[in-house]
Every structure is written in C-alpha cells, then in structure tokens.
1. Quick check: pseudo-label points 7 Å beyond the Cα along Cα→Cβ at Glu190 and Arg224, how many nm apart are they?
2. Neighbouring Cβ atoms within 10 Å as the yardstick, rank Cys155, Cys119, Cys162, Cys67 fewest first.
3. List the relative contact order of the stretch 127-182 as a percent without decimals, with contacts defined as Cα pairs under 8 Å and 6+ residues apart.
4. Specify whether the C-alpha gyration tensor of the stretch 27-228 places it in the rounded, prolate or oblate class, a ≥ b ≥ c being the square roots of the eigenvalues: rounded for a/c under 1.5, otherwise prolate if a/b is larger than b/c and oblate if not.
5. Which of the aspartates and glutamates could a cross-linker span from Lys64 if the Cα-Cα distance has to be under 16 Å and same-chain partners fewer than 8 positions apart are dropped?
6. With a cap of 10 neighbouring Cβ atoms within 10 Å, and only residues DSSP puts in a loop, list the trypsin sites (Lys or Arg not before Pro) found in the stretch 136-229.
7. Which of the chymotrypsin sites (Phe, Trp or Tyr not before Pro) found in the stretch 165-229 are in a DSSP loop and have at most 14 neighbouring Cβ atoms, other than their own, within 10 Å?
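What follows draws every value from the coordinates through simple rules; no lab data is involved. Source: prediction; values computed, not measured. Here Cβ is always computed from backbone atoms with ideal geometry, including for glycine, and neighbour counts include all displayed protein chains.
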Amino acid sequence: MNKIAIFFSNKVVLYKVMEKKYEKIYSLTAIILAGGKSSRIGSDKNKSMLKLRGECLIDIVRAKLKCVVGDNIIIVGPPEKYRPYKQVVPDLFPQNGPLVGIFSGLKASPSPYNLVVGCDMPFLEVKLLKYMIENIDSNDIVIPRYGDGYIEPLCAIYKKRCLDTIERNLAKHIFSVRAIFSRLKVKFIEEEEIRKYDPEFYSFFNINYKKDMIEAEKIINSQRGERSN
C-alpha cells in the first residue's frame with residue numbers, strides 16, 4: 001500500500017471515530033413546547049407569536065437552538081397555528097402541561113437525546129445549553145437545579161428511553177415532571193455551574209404576563225448596555 005492510500009485510510013478511520021464521538025454527544029433534536037394557552041398574558045394571540053423587538057418569541061427561541069442543533073427542531077403545538085414551520089406535531093394527550101408536551105416531542109423525535117425548551121424563553125444562553133449537552137454521558141435527563149431545589153423541566157435534555165416512564169405516569173394521571181426522576185438516571189446542573197455561563201439565570205426567564213414583556217425589554221436594554229461598555 002502506498003503512502004497516499006495509507007494516509008487516506010487513516011483519514012477515513014479518524015473521520016469515523018470523530019463521527020461516532022459527535023453522534024454520541026451531539027446527535028440530538030431540540031423540541032419547542034408551544035401548545036400552552038395564552039390566557040394569562042391577556043391576549044387572543046398565540047403567545048409564541050408575540051413580538052419582542054419586532055421578532056416573534058418562537059423565532060427568537062429557534063434562532064438560539066439553531067446554534068446548538070442546526071435545523072433539527074420540532075415544535076409541539078397545534079399544526080394549524082404553525083403552518084410556516086417544517087416540523088410540527090400536536091400534543092398526543094388532551095391534557096395540557098409540560099409532561100404531555102415532552103412526551104409528544106420525544107415520540108416524534110428521531111434522536112436519542114432531546115433538548116426541550118418553552119416557546120416563550122427568549123434569553124436562552126447557548127453556552128449553557130452546550131455545557132448541558134457535554135454532560136449527557138449515560139444520563140437519561142440533564143436538568144438545571146438552583147435555589148431551594150428548583151428545577152427547569154423546560155430547559156432540559158431528555159433521552160428517548162424516558163418515554164416508557166412518562167407514558168406510565170400519564171396513564172395514571174401523574175403530570176409532574178419531577179415524578180419521573182426516581183425511575184431514571186438524572187444529572188442535575190447545579191447553581192454554581194449555571195452561573196459560569198448564565199450569571200443572571202436569564203435562560204429560565206419566560207413570558208407569562210404582560211409585565212414579563214416589559215421586563216424582557218429591560219433585560220435587552222441592560223444586555224446592550226453591558227456590550228457597549
């Protein structure tokens with residue numbers, strides 16, 4: 001075998017090793033939960049379509065997620081409300097709530113791991129999301145935890161094997177995300193870890209009320225001020 005053939009062969013082997021590593025760590029889909037009602041915000045508009053600085057909330061979220069997963073994004077919500085988007089699936093259970101949305105998204109996803117977020121979280125920190133992905137390892141769930149044990153189920157990573165546990169709980173009308181933890185391997189991203197990438201915990205800020213839109217504008221202004229200094 002000549003030197004060129006050896007080089008080419010080694011290059012292929014190296015590529016395959018890198019490809020496997022990439023697949024193990026980064027082969028995931030992002031799932032945006034967008035099926036909740038907007039009654040609390042006092043608008044007849046779909047909450048995800050509310051505009052912040054001229055851009056729909058769901059498009060702000062999608063732009064952040066694209067930095068992490070590319071175009072591998074599924075929206076869970078009424079398909080008729082999201083016609084312009086490519087991958088949209090409805091909730092598979094009539095009950096509302098995060099666990100139903102997580103289940104519906106996981107069921108539709110082709111990926112072993114899935115980053116689940118809400119449609120109303122405009123300040124997701126990409127560096128934090130990437131850090132969470134780096135901590136997947138052999139865990140079933142990777143989820144932030146801070147304060148007095150507070151968790152963020154809508155800024156977390158779920159393995160597809162969570163489906164069986166979730167389905168059993170939904171069948172028993174158990175809708176708490178925390179209730180699935182005892183049967184799965186959970187990695188908590190603790191407060192001191194979160195602070196390294198998102199000191200103000202803005203990733204977990206979500207829009208529920210009109211006052212939250214006002215607060216979001218203030219956050220944008222403060223972030224622009226910091227960048228200009």
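1. Inter-label distance under the simple model: 3.9 nm.
2. Numbers: Cys155 24, Cys119 30, Cys162 19, Cys67 12.
Placing the least packed residue first, the sequence is Cys67, Cys162, Cys155, Cys119.
3. Numbers: 40 pairs, mean separation 14.3, N = 56.
With pairs under 8 Å counted, the relative contact order is 26 percent.
4. Numbers: a/c = 1.56, a/b = 1.17, b/c = 1.34.
Taking the square roots of the gyration eigenvalues as a ≥ b ≥ c, the stretch 27-228 is oblate.
5. The qualifying aspartates and glutamates are Glu55, Asp120, Glu125, Asp198.
6. Details: sites: Arg145, Lys159, Lys160, Arg161, Arg168, Lys172, Arg178, Arg183, Lys185, Lys187, Arg195, Lys196, Lys210, Lys211, Lys218, Arg224, Arg227; in loops: Lys160, Arg161, Lys172, Lys185.
Here the trypsin sites (Lys or Arg not before Pro) that fit, given the DSSP loop and packing criteria, are Lys172.
7. Numbers: sites: Phe175, Phe181, Phe188, Tyr197, Phe201, Tyr202, Phe204, Phe205, Tyr209; in loops: Phe175, Phe201, Phe205, Tyr209.
When the chymotrypsin sites (Phe, Trp or Tyr not before Pro) of the stretch 165-229 are filtered for loop state and at most 14 Cβ neighbours within 10 Å, Tyr209 remain.
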